[in-house]
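The block underneath contains the structure these notes are about, expressed in structure tokens.
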Amino acid sequence: MNLRRTSLMLAAGAICAVALSACATLQRGPVGNPAVPQPSKTVDLNRYAGLWYEIGRYENGFERGCEAVTAEYSRRDDGLVGVLNTCRQGGVDGPVKTVEGKAKVVADSGDARLKVSFFGPFYVGDYWVLDHADDYAWSIVGEPSGRYLWLMSRTANPSDAVRATIMNRTAALGYDLSLVRETQHRP
């Protein structure tokens, strides 16, 4: 292995270690419950595929300043799940920012837990579909540390009834709704 490649691999490993330790020290987790909930249902990845609109999230550094956030999932020929995250930086009419990744299903998880990679071969991100509507109209996504939370809908501006269902279910899972930052979309 050449010196440049070794240096790049060490640098990538160091970045991953710092990111993981930062996540561990910044845990939010469900209120009064140190255990993050496990996914409550299996996921049909064919039905989960498609476009999702983020309607709320726990604020995080990699989405700072993002509005009109979407995530699009697709089934890939290699068995992985394609991921395309898009946001508008600074406001709903701001410049578009995208990041493309891939995810692999965690064995024996009912397809509800995935490991995500946005940086080459490193699958360091956890993506757990904690709950979803039976018709896949909405989903609640988290990960084991409780640091991250995303509330997703198939429509950019769901009805008040759908929004209330998502928020009530999120609270029932133990998450602090006062920490949820609403994502803005065009009306």
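Just so it is clear, none of the values below were taken in a lab; they were calculated from the coordinates. The shown structure was predicted, so the numbers you read here are calculated from the model rather than taken from an experiment. Here the Cβ positions follow ideal geometry from the backbone for every residue, glycine too, while neighbour counts run over all protein chains shown.
Note on R76 and V96: the model spin-label points, each 7 Å out from Cα along the C-beta direction, lie 2.1 nm apart.
Taking other Cβ atoms within 10 Å as a rough exposure proxy, H185, H132 sort from fewest to most as H185, H132. Computed over neighbours whose Cβ is under 15 Å from that of V96, the net charge equals -3, Lys and Arg +1, Asp and Glu -1. In this structure, the amide hydrogen of C66, modeled 1.01 Å from its nitrogen in the peptide plane, lies closer than 5 angstrom to those of G90, counting only residues at least 5 positions away or on a different chain. The H on the amide N of G56, modeled in the peptide plane, is under 5 Å from the matching H of L151, T183, each at least 5 residues off or on a different chain. For the stretch 53-58, 3J(HN,Hα) computed residue by residue from phi via the Karplus equation (6.51, -1.76, 1.60; θ = phi - 60°) reads 10, 6, 9, x, 7, 6 Hz, glycine and proline entered as x. Each residue of the stretch 167-172 was assigned a 3J(HN,Hα) from its phi angle through the Karplus curve 6.51 cos²θ - 1.76 cosθ + 1.60 (θ = phi - 60°); the sequence is 5, 4, 5, 4, 5, 5 Hz, with glycine and proline shown as x.
Residue exposure proxy: M167, M152, ordered by other Cβ atoms within 10 angstrom of their Cβ from fewest to most, comes out as M167, M152. Relative to one another, the C-alpha centroids of the stretch 130-187 and the stretch 29-102 are positioned 11 Å apart.
Can you give the Rg to Rh ratio of the stretch 109-178, both from alpha-carbon atoms, with Rh computed by the Kirkwood formula?
1.00
Which of the GluC sites (Glu not before Pro) across the stretch 40-103 are loop residues per DSSP, with 15 or fewer other Cβ within 10 Å?
Here the sparse-neighbourhood loop sites are E59.
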